[in-house]
Amino acid sequence: MDSKAKILIATSTRADWGLLRPLAEALQSADWCRLQIMATNMHLLEAYGMTISEITDAGFAVDARVAMDAAGDDEASRVKAMAQCMAGTAEALSRLRPDAIVVLGDRYEMLAVASAAAVMRVPIVHIAGGEISEGAIDDSIRHAITKLSSLHLVATEPYRRRVIQMGEHPARVVNTGAIGVWNVLNRQLLSRSELETDLGFSLDGPLAVVTYHPVTLDDADPRALCRRMLEALDRHRQLRLIITYPNNDARSEGIIAELQSYAAARPGRVLLVKSLGMVRYLSVLQYACMVIGNSSSGIVEVPSMGIPTVDIGIRQRGRLAAPSVLHCADTADDIAATISRALTEPVRSMAAQRVNPYYKPDTPGIMVSAVHHFVSAMPRGKTFFDIDFDTSSPQI
């Protein structure tokens, strides 16, 4: 009989796999663990690069593939896809029978995965809880997953305190640092010549990396918001641009159409890619002067690359951020002005100091140790952890 603990990692996008890969590598080499991987959503969609290949190309077996067909571009289609994901997760859990499942972050499909696991009494290990992103529905989803989970691997001490404030026992809330920062500091990256050959794109001149996702709690049209960013980019024609596709949140198709049209009209200056993957993304950042957009990577990982981030709009509002993250409104004027600021010597020098509140040494090791301790003890059920605070009504 196999005495190893079966730990299932659930992954749904290029972004979360890039973050989860070092944990998967550490778990795979641990003598107490039998690693399992379940891939869903964007990993299985040709329109987004069929990024399941990034998992298999790294030498991992995919034990379950859970299809999600978001047939439309609206919120209702995402809910229907969540139902499909939940059903597929139930089948995978029944077949694989893991001792625990690892989920990361705040995406809608991960709420479906966590809901299925909670009902089926599979303990959930949640990475990146306690964070705030006020401009996206992800914020509520993240907190919901926290309440479904039994072990919490958080990225900073303030986030740890916030999870405890939500009633989670301090012994099960571990500050590990952000695993993406560990990637930045430890991954073997591609050389300039390797990148240029792979991408078919010259990295000469000032280069910016751009990622823009739908702002799911903003009533404004994401396509119109994306146009404002593109207008600002055209006020800085000295910048060469590598632009990645957005994720497949509701109303992402309009953004993709805008990006396709923009890139097609600017050959040689703009490269649009469905997915760079973690290694190519970090490798490109070596030769970039800034990151522009509204992705969490600009907040969490990019400061450790020593370049500034231009963070647009409200999507990431509320996250802890390094001083090299420059926030701006989602108007063309403010975006363009903030790009100009990011190009100044004082900002570039400040970013080069690589100050990052998400850094902690040996993040994968801390995570593996926490998971091992958790599955070894495997306490069943949860109790709400009350904190002492003054409940009296304030005087008005």
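The values are calculated or read from the model by the stated rules, or taken from the named source; none is laboratory data. Remember, predicted model here, so these are calculated numbers, not experimental data. Reconstructed Cβ throughout: ideal geometry from the backbone, glycine too, with neighbour counts over all protein chains shown. Remember, those area values only see protein heavy atoms, side chains included, never the ligands or the DNA or RNA. Shrake-Rupley method; radii C 1.70, N 1.55, O 1.52, S 1.80 Å.
Once region 217-243 is narrowed to residues that are among the charged types (D, E, K, R) and within 16 Å of S261 (Cβ to Cβ), the residue that is surrounded by the most Cβ atoms within 10 Å (Cβ to Cβ) is R228.
Only one of the numbered conditions (1) under 24 Å from T156 (Cβ atoms); (2) touching a Gly at 6+ places or on another chain (Cβ under 8 Å) is not met by A321, and that is (2). When R223, R251, R172 are screened for being at positive phi and under 23 Å from the mean Cα position of the chain (by Cα), only R251 passes. Would you mention how many residues in region 259-313 are surrounded by fewer than 19 Cβ atoms within 10 Å (Cβ to Cβ) and over 15 Å from A351 (Cα atoms)? Counting residues in region 259-313 that are surrounded by fewer than 19 Cβ atoms within 10 Å (Cβ to Cβ) and over 15 Å from A351 (Cα atoms) gives 13. Is it true that R354 is part of a loop (DSSP other than H, G, I, E, B), surrounded by 14 or more Cβ atoms within 10 Å (Cβ to Cβ) and among the charged types (D, E, K, R)? When the stated conditions are applied, R354 passes them. Set side by side, the residues A100, A90, A58, A83 differ, and just one is small (G, A, S) and within 25 Å of G277 (Cβ to Cβ), which is A58. Determine whether region 157-167 contains at least one residue that is within 21 Å of N41 (Cα to Cα), open to solvent by less than 10 Å² (accessible area, probe 1.4 Å) and among the small types (G, A, S). No, because not a single residue in region 157-167 is within 21 Å of N41 (Cα to Cα), open to solvent by less than 10 Å² (accessible area, probe 1.4 Å) and among the small types (G, A, S). Evaluated against (1) modelled with pLDDT of 95 or more; (2) open to solvent by 50 Å² or more (accessible area, probe 1.4 Å), T391 falls short on exactly one condition, (1).
Once region 71-125 is narrowed to residues that are within 18 Å of L44 (Cβ to Cβ) and assigned to a strand (DSSP E or B), the residue that is least open to solvent (accessible area, probe 1.4 Å) is V103.
If I ask for residues that are under 23 Å from R227 (Cβ atoms), open to solvent by less than 40 Å² (accessible area, probe 1.4 Å) and polar (S, T, N, Q), which ones from region 314-331 would you list?
Matches in region 314-331: Q316 only.
The set of residues in region 171-193 being in a helix (DSSP H, G or I) and in contact (Cβ under 8 Å) with a residue 60 or more places away in the chain consists of R172, I179, G180, V181, W182, N183, V184, L185, N186, R192. Among the residues of region 54-86, those identified as touching a His at 6+ places or on another chain (Cβ under 9 Å) and not hydrophobic (A, V, I, L, M, F, W, C) are E54, R65. Given the structure, is A24 part of a helix (DSSP H, G or I), open to solvent by 30 Å² or more (accessible area, probe 1.4 Å) and out of contact with any His (no Cβ under 8 Å at 6 or more places or on another chain)? Taking the combined requirement at face value, the residue does not satisfy it.
Every residue, every condition in (1) among the β-branched types (V, I, T); (2) in contact with a Leu (Cβ under 7 Å, 6 or more places away or on another chain), yes or no:
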| position | (1), (2) |
| --- | --- |
| A332 | no, no |
| I335 | yes, no |
| R341 | no, yes |
| A351 | no, no |
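Residues that are of a type outside the set (D, E, K, R), under 20 Å from A10 (Cα atoms) and open to solvent by less than 10 Å² (accessible area, probe 1.4 Å) within region 128-147 comprise G129, G130, I145, T146, listed in sequence order.
Each row is one residue, and each column tells you yes or no for (1) closer than 30 Å to A336 by Cβ; (2) modelled with pLDDT of 95 or more.
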position	(1), (2)
V173	no, yes
G177	no, yes
R187	no, no
T197	no, yes
R223	yes, no
R227	yes, yes
